[in-house]
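The values are calculated or read from the model by the stated rules, or taken from the named source; none is laboratory data. The shown structure was predicted, so the numbers you read here are calculated from the model rather than taken from an experiment. Because the Cβ atoms are built from the backbone with ideal geometry, glycine has one as well, and the counts that use them run over all protein chains shown. Side chains are part of the model used for accessible areas, which takes the heavy atoms of the whole protein and leaves out ligands, DNA and RNA. Shrake-Rupley method; radii C 1.70, N 1.55, O 1.52, S 1.80 Å.
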Amino acid sequence: MTETMDQIFVLLKHRILAHSPVSVQPIFSAALSAIAILVVFATLFALTTILERKGLGRFQNRYGPNRVGPFGLLQPLADGLKSLTKEDIVPHSADGVVHMLAPIVLVVAAFLGYAVLPLGRNMTAINLDAGLLYFFAASSVVELAIFMAGWSSRNKYSLLGAMRAIAQMISYEVPLILSTITAVMAAGSLSTGAIVESQTGYSGIWPHWFVFTPWGFAGFVLFMIAGIAESNRSPFDLPEGESEIIAGYFVEYSGFKFALFFLGEYIGMFAICGLAITLFLGGWAAPFSFLTWAPSYFWFFAKLLVLIAMLIWVRATLPRLRMDQLMNFAWKFMLPMALINLFAASTWHFTPPGAIRWIVGTILIAVPYLLLGRGLMQSNKLEKRTYRFAD
Amino acid sequence: MLGEGILKGLAETARNFFGSFVSKERLTTVQFPEERLPQPEAARNFPFLVYDGDDSQAGLRCVACQICEKECPPKCIFIQKSSDKKPDYIGKQQFYPAVFNIDVSVCMSCQICVEVCPFDAIEMDNAFELSTTDRFRGLLWSREQLAKPNSYFHNIHPATAAEVDERLAEAKARAEAKAKPTVAASTTSQPDSQTTTS
Amino acid sequence: MTTAPVKEATHDERAAGCGQDELLEIALGPHHPSTHGVFRMDVVLDGERVVKLKPVFGYLHRNHEKIAESASYLASMPYTDRLDYICSLTNNWAYALAVEKLAGLQVPERAEYIRVITAELTRLVNHTATIGFLTQEMGASGTPLMYAFREREKILDLFESLTGSRMMCNYMRFGGCRVELPAGWLEQTKKVVEEFPRFLDEYEQLLTGNEIFMARAQGVGILKKDLAIDAGVTGPMLRASGVNYDIRKVDKYGIYDRFDFKIPLGEHGDVYDRYMVRMLEMRESLKILHQALRDLPQGPLMDPKAKIRGFRPKPGEAYGRIEAPKGELGFYLISDGSPNPYRYRVRPPSLINLTVLEDMCRGYSIADTIVIFGTVDIVLGEVDR
C-alpha cells in the first residue's frame, strides 16, 4: 500500500504512456514530466507569494492579506489579474526584441534546472550522469537574462545596475559550486539520483544525510548563503533595492513582464532550495527510519517548505548589504571557507569512523571559521563599542 | 564569533512570529471596521453645539457672543447674531445665532473654541467617519448640522458633561436665589433648580 | 517609485562607449520613499561616489511665522503642534517657555512635573520612530519599524487620553498646562514606563550586534566634532560626535535639575554612534520618567496671573529654548504690547542639522547617503515651517 502511494505518479505516467504509440513515447514522457513540473511549481509559486506576505506580516506583529478569500488565499489570483491588466510600457529608445525576450529567457532558464531534481523515488524527470553539471549550466543562463534586461533599456544607469547584479551573481557562483563538491566527493558521482541514494541509509533511527557531518553542515550553510545571493533575495537584494534610487535592471518593466521576472526569481529560489535538499538534506529520504511509510515526494516538498520558511525568516530580519560589502564577503570569507570545507571533507573520508573523525572534522572547520570571521570584522573595522556618559 | 548577532536577531523575530499566534500583544492589529477600539474620554475631532431638552432651536445654549469666532486660529467659524432674543436655561433673554457655520475642512481641532466659550455651548465631538462626496458644501456645516442634544454629549464625554451640568445647575440655583431674595431664608429653591436641565 | 529623469546619454556618448567618466546629476526628488517628507537632494555623482550634494527644501512652507504675526499668542499654540509634527508636546513647551519669559509668568510645580513627563514621553516617541525608519532605509523590510510602532502606539494612546489627540496635542498654556490628568492615567503611564525597557532590550538584541547592521552603520557618515560645533548642530547628532552639550543640563529649564540622569556621548560621530546615542537617551528618559512619576505633587495647574483671552505681554523680547528630541528648539519673540507678536521666529533644529549633510555624505555611495540622511532625523514641517 505504501509502495503504491509512493510510486503513484510514476504508475500514473506509465498508464498514460501505455496508451500512446511506442515511437512517440520518449518525447511524450518528457512532455508529461515537463507539464507536471510546470504545474506543480507554478502553484507552489502562487502559494509562496501569499505565504510570504502572511509570514512577513506575522513576523511584524500584524496579519498579512486576509480580505481576498478565506485567510487571503485568493490573493495570488488578485495579484495575477492585476499584473495581467496593467499597461505594458516599453521605453521609446529600448531595443524591443531583447526587451521582450529577457523575461522569457529568465523563466525558461529557471525552469530548466528542475529536470535533474529527484522529486521522489524514481521521480527524476531526466536521469543524467552529470546532473549537477547540467543544473549549474542551466541556471547560469539566468545571469544572461538579467544582462539582457539591463542592456535593452538603453539607459546608462540601468546597465550599471545590471552589471552589478551580474557581478554579485558571478561572485557567489564560486562558493556555491565549491560547496557542492563535498557532496559529490562523498557520494562519488555527479548524478543527483546517486547523491540522494547514498543518503538513504539509516544507522538505528538516525539518517545518513550529509548535513549531519561537520563538512556537510558547513557546506549546507555555505550553499544556502550563496543560494540566497544567487536568487537576489534579501539580504542580498541590492540590485532590486537600489532600483529605488538608480535605475535597476528591471525598472523599465511593467505589467505581465514584471510578473514574469517575479516568477523567474521565485522559481530560481525553489530550484536552489531543491538542490540543497538533494545534496545535503537527503532528497526524498524520510528523517527517521520509522517514518519511511510516508511517500517520498511528501518528504521532498516538506523539506522544501521548511527551507522556504527559513528564507522568509531571513528576509524579515536582516537589512541589506551594500555592494562592496557583499563582494568582500564572497571573496574574502565564503571562498576560503569553501576551500577549507573541501579539505575537511576529504580528511573525513580518510580518518577512521568514530569520535576522532568528528573531533578532527569539527576543529578543521571551526578554527578557520573563527579566524576568518575575526579577520573580516577587523578589516572592515567593525567592533563592539562601549559608550561613556558625561558627568 | 561572526554571525552571532545575526542569529540573535533571528531568534528575536522568531519569538515575535510564534508569539503572534498566542498573545494579543504580539499581534496588535484591530480589524477595522469589524472591530473597533473604544475612544478615550478626552478624544476630540470637530466641534458641535449643545442644546438642552428636545428642541434644538429653543434649547440651544449658544448666545452668539462671537468669542469663539474671534479666538479661532484658522478662522473657520462664521456667526451671524439674530435680531430677536430668546430665553436661555436660566430664563434670561439672550441673542441666538441665526447663522452658525463651521468649515470643517479648515478646522484644525485645536479645541480653543471650547476653552474660551463662557456658556459651555460648543463642545468637541469625537465622530471621525465623516467622509462626504461633496468637497465644498459637504464640509461646511450649518447650525442645524452642528446642534446635538445634551444626551449625546453625555454619551461621548460622560465625565465632562456631568461636570458641565453640575456647574450650570449651580449657576441656575444662584440666579434663582438672587431673583427671589424674600424666600431665600431657609427654604431655598434647591428642588426647583433640577427640573429643566436634562 | 523612481526619481526625476536621469540624463540620457547622447548618441555620440553611447558611440564612444560607457567608459567615459562624466558626472551625473540626479535629483533624489521630492517624491521619494526615503526622504522623510517632501524634500529634494540634488546629488552629483562620479560613478558611484557623491561629489556634491545640495538639499532643496521649501516644499512644505506654510507661512507659520507670518501667520503668527497676525494671530494672537494663544492662537499660535496649535500651529506649533504642526512644526515638528511627531513631537508636538515639546514644541508646545518651547513656545510656552518663550512666552512665559516674555510675560514673566510662573509655572506651578505640578504643571512643571507634567511638562517633564510629557516631554520625556515625546522623546521616546521620536527616537523609536527615527530608529525604526533608519532600519527601514537600510532595507530591513519593515520588521524593526513595526516593532517600534507597536510600542509607540502605547504612548500615543496615553497622549490621546490626556490631551484628546494623538499627534496635535495643543496641551501647554502660558503659565501651566491645559487640563488635569484623567483618572487612571498615572497608573497607565507607570505601566508603560515599566514595560518599555524590555522592549528596548529586545530591540537591541535585534539590531545592535547584527553584523550587517554594523557593517552598514559603522564608519559611515562621520561628522567631526569641530565641524559640528562650527555649524551649530545640536541634539543627538552633536552628542554622537563627542560634544557634551545638552540644554537640559546647560540651561536647567523647568525642573530638570531635580532629576538624576546622564548624557550619553559617542566617539566617532558615525551612523552607529547616532543610533546608539538615541538608544541610550531613551533609557535615560525612562529614568527621568520613573523619578517624575514617583514625585508628582498635587496642586494647581495654571499660574493664577495667566489670562487665556486678552493676553497682552509687555513690550520686550525673549528667546526660549528646550532640548527637543531633534536638537535645540528655540522660539524668539518680540512683543510690542499688542495681542499679536511683532516678530515670531522659530529656530528649527532639523534645518540647522541639515546644513552639514553635504560634508557628511561626500565620498560615500548613494545607498549610504540615504542611511546618513536618516540619522540626521529631519521632519519637513520643522525645516520648512
Check on residue A:316, within 14 Å of chain C (Cβ to nearest Cβ), within 27 Å of residue A:55 (Cα to Cα) and among the small types (Gly, Ala, Ser): yes
Meets criteria (part of a helix (DSSP H, G or I) and closer than 23 Å to residue A:284 by Cα) for residue A:17: no
Any hit, the range A:279-290, residues being at pLDDT below 90, out of contact with any Ser or Thr (no Cβ under 7 Å at 6 or more places or on another chain), in a loop (DSSP other than H, G, I, E, B) and of a type in the set (A, V, I, L, M): no
Some residue of the range B:20-40 being more than 14 Å from chain C (Cβ to nearest Cβ), more than 18 Å from the chain's Cα centre (by Cα) and over 30 Å from residue C:184 (Cβ atoms): yes
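Out of the range C:212-221, which residues are away from chain B (no Cβ under 14 Å) and either open to solvent by 10 Å² or more (accessible area, probe 1.4 Å) or of a type in the set (A, V, I, L, M) (or both)? Write out each step before concluding.
Step one: of the range C:212-221, the residues away from chain B (no Cβ under 14 Å) are C:219-221.
Residues satisfying the conditions are C:219, C:220.
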Test: residue in the range A:44-54 that is within 14 Å of chain C (Cβ to nearest Cβ) and open to solvent by 80 Å² or more (accessible area, probe 1.4 Å): yes
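Per-residue answers, yes or no, for (1) open to solvent by less than 20 Å² (accessible area, probe 1.4 Å); (2) out of contact with any Pro (no Cβ under 6 Å at 6 or more places or on another chain); (3) within 30 Å of residue C:312 (Cβ to Cβ):
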| position | (1), (2), (3) |
| --- | --- |
| C:162 | yes, yes, yes |
| C:182 | no, yes, no |
| C:223 | yes, yes, no |
| C:228 | yes, yes, no |
| C:239 | yes, yes, no |
| C:251 | no, yes, yes |
Test: residue in the range A:363-371 that is of a type in the set (Ser, Thr, Tyr) and within 14 Å of chain B (Cβ to nearest Cβ): yes
Hits in the range A:312-336 - residues which are closer than 18 Å to residue A:217 by Cβ and crowded, with 22+ Cβ neighbours inside 10 Å: A:334
Residue pairs meeting the criteria (Cβ under 8 Å; at least 6 apart or on separate chains; first under 18 Å from residue C:268 (Cβ atoms) and open to solvent by 40 Å² or more (accessible area, probe 1.4 Å), in the range C:351-363; second assigned to a loop (DSSP other than H, G, I, E, B) and among the hydrophobic types (A, V, I, L, M, F, W, C)): C:359/C:223
Hits in the range C:196-211 (condition: more than 7 Å from chain B (Cβ to nearest Cβ) and without any contact (Cβ under 8 Å) to a residue 12 or more places away in the chain): C:198, C:201
Subset of the range C:146-160 that is open to solvent by less than 20 Å² (accessible area, probe 1.4 Å) and more than 17 Å from residue C:122 (Cβ to Cβ) - its residue that is farthest from the other protein chains (Cβ to nearest Cβ): C:147
Answer residue from the range A:347-365, given it is touching a residue at least 12 places away in the same chain (Cβ under 8 Å) and open to solvent by 40 Å² or more (accessible area, probe 1.4 Å) and is nearest to residue A:183 (Cα to Cα) among those: A:349
Filtered residues of the range B:96-111 (kept if open to solvent by 20 Å² or more (accessible area, probe 1.4 Å) and farther than 12 Å from residue C:78 by Cβ): B:96, B:98, B:99, B:101, B:103, B:105, B:106
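Tell me which residues, restricted to the range C:70-123, are among the small types (Gly, Ala, Ser) and away from chain B (no Cβ under 14 Å).
Across the range C:70-123, the qualifying residues are C:94, C:96, C:98, C:103, C:104, C:111, C:119.
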Subset of the range C:1-42 that is in contact with a Pro (Cβ under 7 Å, 6 or more places away or on another chain) and either at pLDDT below 50 or within 11 Å of chain A (Cβ to nearest Cβ) (or both) - its residue that is surrounded by the fewest Cβ atoms within 10 Å (Cβ to Cβ): C:1
Selection count, the range A:124-155, where residues are closer than 20 Å to residue A:27 by Cβ, open to solvent by 40 Å² or more (accessible area, probe 1.4 Å) and either of a type outside the set (Phe, Trp, Tyr) or modelled with pLDDT under 90 (or both): 3
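Table: residues versus (1) in a loop (DSSP other than H, G, I, E, B); (2) crowded, with 24+ Cβ neighbours inside 10 Å.
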residue: C:78; (1), (2): no, no
residue: C:83; (1), (2): yes, yes
residue: C:96; (1), (2): no, yes
residue: C:100; (1), (2): no, no
residue: C:122; (1), (2): no, yes
residue: C:141; (1), (2): yes, no
Within the range B:52-90, considering residues that are among the small types (Gly, Ala, Ser) and in a strand (DSSP E or B), the one farthest from the other protein chains (Cβ to nearest Cβ): B:83
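Quick grid of which residues meet (1) open to solvent by 30 Å² or more (accessible area, probe 1.4 Å); (2) more than 22 Å from residue A:119 (Cβ to Cβ); (3) charged (D, E, K, R):
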residue: A:168; (1), (2), (3): no, yes, no
residue: A:191; (1), (2), (3): no, no, no
residue: A:201; (1), (2), (3): no, no, no
residue: A:221; (1), (2), (3): yes, yes, no
residue: A:230; (1), (2), (3): no, no, yes
Top-ranked residue of the range C:43-69 - restricted to ones that are away from chain A (no Cβ under 14 Å), of a type in the set (D, E, K, R) and touching a strand residue (DSSP E or B) at 6+ places or on another chain (Cβ under 9 Å), ranked as farthest from residue C:357 (Cα to Cα): C:69
Residues of the range A:366-391 that turn out to be farther than 25 Å from residue A:321 by Cβ, surrounded by 14 or more Cβ atoms within 10 Å (Cβ to Cβ) and of a type outside the set (Phe, Trp, Tyr), as a count: 1
Candidate set: the range B:1-19, residues that are part of a helix (DSSP H, G or I) and within 16 Å of residue C:214 (Cα to Cα); chosen: the one farthest from the other protein chains (Cβ to nearest Cβ): B:7
Verdict on residue C:374 being part of a loop (DSSP other than H, G, I, E, B) and either modelled with pLDDT under 90 or within 30 Å of residue C:179 (Cα to Cα) (or both): no
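From C:274, C:248, which residue is under 30 Å from residue C:188 (Cβ atoms) and within 19 Å of the chain's Cα centre (by Cα)?
Values: C:274 fails: under 30 Å from residue C:188 (Cβ atoms).
Going through C:274, C:248 in turn, just one is under 30 Å from residue C:188 (Cβ atoms) and within 19 Å of the chain's Cα centre (by Cα): C:248.
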Filter result for residue A:341 (more than 14 Å from chain B (Cβ to nearest Cβ) and touching a residue at least 40 places away in the same chain (Cβ under 8 Å)): yes
Any hit, the range A:158-165, residues being farther than 30 Å from residue A:298 by Cα, at pLDDT below 85, open to solvent by less than 30 Å² (accessible area, probe 1.4 Å) and over 25 Å from the mean Cα position of the chain (by Cα): yes
